[in-house]
Structures are given as C-alpha cells and as structure tokens.
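This report concerns only the one structure given below.
Coordinate-derived values only; no laboratory data. Quantities reported herein were computed from a predicted structural model and do not represent experimental measurements. Cβ: placed from backbone, ideal geometry, glycine included. Neighbour counts: every protein chain shown.
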Amino acid sequence: MFSIERLFCLATKVKIHFFKTFILPYFDYCLSLIIYFPSPAIQSLSNCFNFCLPRLFNFRPAEINYLESFPEEEEKIMTEFLSKLQSYSLFTFQSRVFSKLLIFSHGIINNPNSPTSLRGNGDDY
C-alpha cells in the first residue's frame with residue numbers, strides 16, 4: 001500500500017501497469033488454491049482486492065445502504081463500477097476466481113496427462 005500511495009502523481013497507464021505487474025500476481029496465485037480456502041478467507045481476499053482499486057485508481061462503487069436502496073440504484077452503481085474496471089481492462093475479484101476455475105477445469109478435462117480420477121469417465125458432464 002505504501003508503494004501505491006507514492007504513485008498518485010503518475011499517469012493512469014503507469015498505475016495500471018504497476019497494478020497488473022506487482023499486485024495482480026499475488027491474487028492470481030491465491031486463486032489457484034481458492035477452492036481450499038474457507039469463506040472468510042475468500043471474503044478477505046476480495047476485500048483486499050477491492051481496497052487496492054480505489055487507492056490506486058481513485059474510484060469505488062458508491063456506498064450502498066441495502067436497507068433503503070432500490071434495486072435500480074444498486075444496479076446503476078454496479079454498472080458504473082464495472083464500466084470503470086472495463087475501461088482499465090480489469091475484472092472483479094469474483095470474475096477472476098470464476099475464470100481461473102474454468103481454465104483449471106478445462107485443462108484437467110482436456111489434458112491427456114491429467115489424472116484420470118480428476119477427469120472422470122465422460123458421463124459426469
């Protein structure tokens with residue numbers, strides 16, 4: 001976080017490069033093991049990921065009061081947040097988890113060297 005605070009004066013392209021080079025690899029490494037993590041650990045990783053975004057890019061989804069808000073407002077806020085992420089070619093933490101698990105599953109199923117006990121016999125899918 002100390003390094004991130006020192007990057008505020010740099011161009012957005014440099015910030016994105018810094019994020020993708022030095023921060024995302026830590027999260028990507030954790031994603032390969034995420035199926036073994038308890039829910040609080042996954043939530044903690046997600047919170048850390050979401051904490052980095054506003055610190056580096058100076059944006060965040062607006063605070064949502066779920067008890068008083070309407071679904072349309074929540075959808076609008078999340079749509080704006082996702083469009084900002086997309087403009088930086090970034091994805092949410094949940095999207096990264098889903099993508100990594102799909103890639104891992106595809107590799108297990110299609111790699112002839114993967115253990116047959118993981119691949120199944122073809123009737124399971």
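For the reader, a short list of remarks on this structure follows.
- With a threshold of 19 Å on the Cα-Cα distance, the over-threshold entries among Lys15/Lys84; Lys15/Lys100; Lys13/Lys84; Lys20/Lys84 are Lys15/Lys100.
- FRET efficiency estimate (nearest 0.05) - Cβ-Cβ, Leu85 to Asn111, R0 22 angstrom: 0.10
- At R0 = 25 Å, FRET efficiency that the Cβ-Cβ distance of Thr12 and Gln94 yields, to 0.05: 0.55
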